1. With the requirement that a residue be of a type in the set (Gly, Ala, Ser) and outside any helix (DSSP H, G or I), what does segment 152-175 give you?
2. Any idea which residue in segment 50-98 is farthest from GLY153 (Cα to Cα), counting only those that are among the β-branched types (Val, Ile, Thr) and more than 14 Å from the chain's Cα centre (by Cα)?
3. Pick from segment 146-170 the residues that are of a type in the set (A, V, I, L, M, F, W, C) and in contact with an Asp or Glu (Cβ under 7 Å, 6 or more places away or on another chain): which of them is farthest from ALA93 (Cα to Cα)?
4. Picking from PRO146, PRO107, which residue would you name as being open to solvent by less than 40 Å² (accessible area, probe 1.4 Å), in a loop (DSSP other than H, G, I, E, B), under 30 Å from THR205 (Cβ atoms) and touching a residue at least 40 places away in the same chain (Cβ under 8 Å)?
5. Regarding segment 62-79, can at least one residue be identified that is part of a helix (DSSP H, G or I) and either open to solvent by less than 20 Å² (accessible area, probe 1.4 Å) or under 23 Å from ARG17 (Cα atoms) (or both)?
6. Scan ARG178, ARG183, ARG119 and give me the residue that is in contact with a Phe, Trp or Tyr (Cβ under 7 Å, 6 or more places away or on another chain), open to solvent by 20 Å² or more (accessible area, probe 1.4 Å) and more than 16 Å from ALA85 (Cβ to Cβ).
7. What about PRO15, is it over 19 Å from GLY200 (Cα atoms), touching a helix residue (DSSP H, G or I) at 6+ places or on another chain (Cβ under 6 Å) and surrounded by fewer than 22 Cβ atoms within 10 Å (Cβ to Cβ)?
8. I'm trying to understand the selection: among the residues of segment 25-61, which are in contact (Cβ under 8 Å) with a residue 24 or more places away in the chain, assigned to a helix (DSSP H, G or I) and in contact with a helix residue (DSSP H, G or I) (Cβ under 6 Å, 6 or more places away or on another chain)?
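The values are calculated or read from the model by the stated rules, or taken from the named source; none is laboratory data. Here the structure is a predicted model, which is why all the values come from computation and not from measurement. Because the Cβ atoms are built from the backbone with ideal geometry, glycine has one as well, and the counts that use them run over all protein chains shown. All accessible areas refer to the heavy atoms of the entire protein, side chains included, with ligands and DNA or RNA removed. Shrake-Rupley method; radii C 1.70, N 1.55, O 1.52, S 1.80 Å.
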Amino acid sequence: MIPAQLLVMAKSPVPGRVKTRLTPPFSPQQAARLAEAALADTLATGARVPATRHVIALDGAPGPWLPGSFDVIGQHGGGLDERIATALGAVHARLAAPVVLIGMDTPQVTAGMLEAALRPLADGTADAVFGPAEDGGFWLLGLRRPDPALVRGVPMSTTRTGDLQLTRLAGARLRVRRMPCLRDVDDATDAALVAGQAPGSRFATALRAVRADPALAEPTLAEVVR
């Protein structure tokens, strides 16, 4: 058992509320189906990681995609930085152990990657772990001693978010371990590329299904990624 915690930030896959940048070419229902598959992949992978505690900070209601091994807390705050900061603080307040946070947008993540993020925090060889995303953000943030001030106020969802978050960590004189750069699923191009990286995933299966759906709006996915 790794004496650390895994925290997933997620939104319930409700049509019209998740993955809106997938519409078009996908309908809101199809986008929600892809979001649910990505979330299910992420949670199933996380459940295989031998962390002391697994938590999901959920915006919305739980569904059948939620493994029983996860504790559920709500998301609180306005912007994403505030919601992340609050979730980190709440999880650490319940159990004083390192926390690794990921989102629901990288269904290609593996249990090995998550263990590699948890272990240096648990054994004290790193104070922070950072996984950059190809869009300039980050897909993973781990802290040995979570402090909401390390995240609160960092502009989110910009091409500079990752650099600004790293600057915040460096300013606190933390020893940072870097993780591989991954692609988030934001739009149809991302979806196709990520599914190709994890062809056996629920996400890839869902993408094949919605691409075969005659209700798929124009332009087609093939036209988007051409």
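1. Quick first cut of segment 152-175, residues of a type in the set (Gly, Ala, Ser) only: 153, 157, 162, 170-172.
Answer for segment 152-175, where residues must be of a type in the set (Gly, Ala, Ser) and outside any helix (DSSP H, G or I): GLY153, SER157, ALA172.
2. Filtering segment 50-98 down to residues among the β-branched types (Val, Ile, Thr) leaves 52, 55-56, 72-73, 84, 86, 91.
Subset that is more than 14 Å from the chain's Cα centre (by Cα): 52, 72-73, 86, 91.
Working: THR52: 29, VAL72: 25, ILE73: 22, THR86: 12, VAL91: 19 Å.
In this case the residue turns out to be THR52.
3. Pass one, segment 146-170, residues of a type in the set (A, V, I, L, M, F, W, C): 149-151, 154, 156, 164, 166, 169-170.
Next, only the ones that are in contact with an Asp or Glu (Cβ under 7 Å, 6 or more places away or on another chain) stay: 151, 154, 156.
Details: VAL151: 16, VAL154: 22, MET156: 24 Å.
The selected residue is MET156.
4. Numbers: PRO146 fails: under 30 Å from THR205 (Cβ atoms).
Within the list PRO146, PRO107, the selection yields PRO107.
5. The first filter runs over segment 62-79 and keeps only residues part of a helix (DSSP H, G or I), leaving none.
No, segment 62-79 contains no residue that is part of a helix (DSSP H, G or I) and either open to solvent by less than 20 Å² (accessible area, probe 1.4 Å) or under 23 Å from ARG17 (Cα atoms) (or both).
6. Working: ARG183 fails: in contact with a Phe, Trp or Tyr (Cβ under 7 Å, 6 or more places away or on another chain); ARG119 fails: in contact with a Phe, Trp or Tyr (Cβ under 7 Å, 6 or more places away or on another chain).
It is ARG178.
7. yes
8. Answer for segment 25-61, where residues must be in contact (Cβ under 8 Å) with a residue 24 or more places away in the chain, assigned to a helix (DSSP H, G or I) and in contact with a helix residue (DSSP H, G or I) (Cβ under 6 Å, 6 or more places away or on another chain): GLN30, ARG33, LEU34, ALA37, ALA38, ALA40, ASP41, THR45.
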